[in-house]
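I have placed the structure first, in the form of structure tokens, so that the comments after it can refer back to it.
Derivation of every value follows stated rules applied to the coordinates shown; laboratory data play no part. These numbers come from a predicted model, not from an experiment.
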Amino acid sequence: MLYIATFVIFYIYCVSLCNKPYTKQDKVLKIGAVVIAVLIGFRKGWPDEDAYLFAFNGAPYLNEFSWDTQSLAYAELGYFYLASVIKTIYFNSTFYFLVMGGLSMYLLYKCLDKYCLLPLIGFCDYIARFLLNRDFTQMRSSLAILLIVIATKYIYEKKMWKYMLVVLLAYQFHHSASLAIPLYFFCMLNLKHWHIVTGILIAFPLAAIFAPSISVLLSDWSEDLQIKTYTEGGYVELALGFANPMIYFQIAVLLLFTFREKQLTRLTPYYNIFRTGYFYSTLFLIFFCNYTALSGRTSTIFATFEIFILSALALTFSGVQRKIYFTSLVVILSYFFYSKYWAAMMMTNGAAGFF
């Protein structure tokens, strides 16, 4: 409960700063990012930690690295090479996690500074929704996803090859980055409100109809993404299916963001990209809802746009409505933070900690 209380207090403090000068908000954001990076560095016992330590300890020094080098514990050679660079600088596991956490938090800061209208609200959303699953567990995906998100401007500027080069770089850290390629082309479509609503409605029956055969359909496609594992065993048995509250949260956010288009397009030039990406994410979440990890890992890349969406939505309300919005948000985000922390405790038998 201490961590939940700390999060709530920090969130309330961030809300109180929303009307303060940007320099004040930026200072708090920078301090918050540094604190999170330190927590990532000194964390103990989190899921996947042993795999990352095994790879770091087994990584060759830079002068021993060659084209024939095979990565350990995970498939992505780029992340393994990064571990090798850090090991060459200083062979210490805490230093390794500090550097990786620092890289991710730096990228997060740059994303929030570039695209987020209320960066501290976006930061709180990231902590509640993504931090524990990514930066404390799936560290490779965190780095890859934030690289893709920061490249959003290249979609807006129609610089396809620059965007694809960033995706290629992100792919070296996590192969799921390949799922970001279609977004560039989806953003060329002029999606209307009815496209969004119809897409959501169609996704539910498709998920129900194809649920039994999804593992077969993915058998060939999933070799590179290594997701076939997530269509078997406990990943299916523990799935919530259509009872997953995250589905309805994302749908609610998506629809609210969609039907407040007139106000929002005046606030951010990236509105259509955020909406299209979040729609893409929500479809993955619904379609793969019977496979708990698969739905999360395929939808998470552009679910990250939520850190920009929620802050932009806040500015479309005023007075009492904005207070209700922020109050509702703290309840929802606290629930998500608690559920993710509780899940980590269950996976590690209570061993996971921040120090």
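Relative contact order of the chain, please, whole-number percent, based on alpha carbon pairs below 8 angstrom and at least 6 residues apart. Spell out each step's value before the answer.
Numbers: 411 pairs, mean separation 84.1, N = 355.
Relative CO of the chain lands at 24 percent.
So what are the three principal axis dimensions of region 80-213 from its Cα atoms, in whole Å, longest to shortest?
Principal extents (largest minus smallest coordinate, Cα): 54, 40, 31 Å.
Show me, bin by bin at 10 Å from 0, the whole-percent P(r) of the chain based on Cα pairs.
In order of increasing distance, the bins hold 5, 24, 35, 27, 9, 1, 0 percent.
Per residue, how big is the convex hull of region 1-160 when only Cα atoms are used? Give it in Å³. Walk me through the intermediate numbers first.
Details: hull volume 20.9 nm³, N = 160.
Value for region 1-160: 130 Å³ per residue.
How big is region 57-107 along each principal axis, measuring the range of its Cα positions in Å and listing the largest first?
31, 21, 16
Nearest 500 deg cm²/dmol is fine: what mean residue ellipticity at 222 nm does the chain get from its DSSP H runs of n ≥ 4 alone, each adding -39,500 (n - 2.57), divided by its residue count?
Numbers: 19 runs with 246 residues, N = 355.
Estimated from H runs of four or more residues: -22000 deg cm²/dmol.
Convex hull volume of the Cα atoms in region 12-93, per residue, in Å³?
Working: hull volume 11.7 nm³, N = 82.
It comes to 143 Å³ per residue, whole-number rounded.
Return the ratio Rg/(2.2 N^0.38 Å) for region 69-137, where Rg is computed over Cα atoms only. Let's see the in-between values first.
Details: Rg = 14.5 Å, N = 69, 2.2 N^0.38 = 11.0 Å.
Rounded to two decimals, the normalised Rg is 1.32.
Please enumerate, by chain and number, the lysines with C-alpha under 29 Å from the C-alpha of residue 192, excluding those fewer than 8 residues away in the same chain.
Counting by Cα, and skipping residues close in sequence, residue 192 has these lysines nearby: 114, 153, 158, 159, 162, 262.
Residue separation times 0.36 nm, minus the C-alpha to C-alpha distance between residue 13 and residue 328: what's the value? Please list the in-between numbers first.
Numbers: separation 315, 0.36 × 315 = 113.40 nm, distance 1.56 nm.
Answer, rounded to one decimal: 111.8 nm.
Build a GNM of the chain with springs between Cα atoms under 10 Å: which of 196, 301, 40 gets the top mean-square fluctuation?
196
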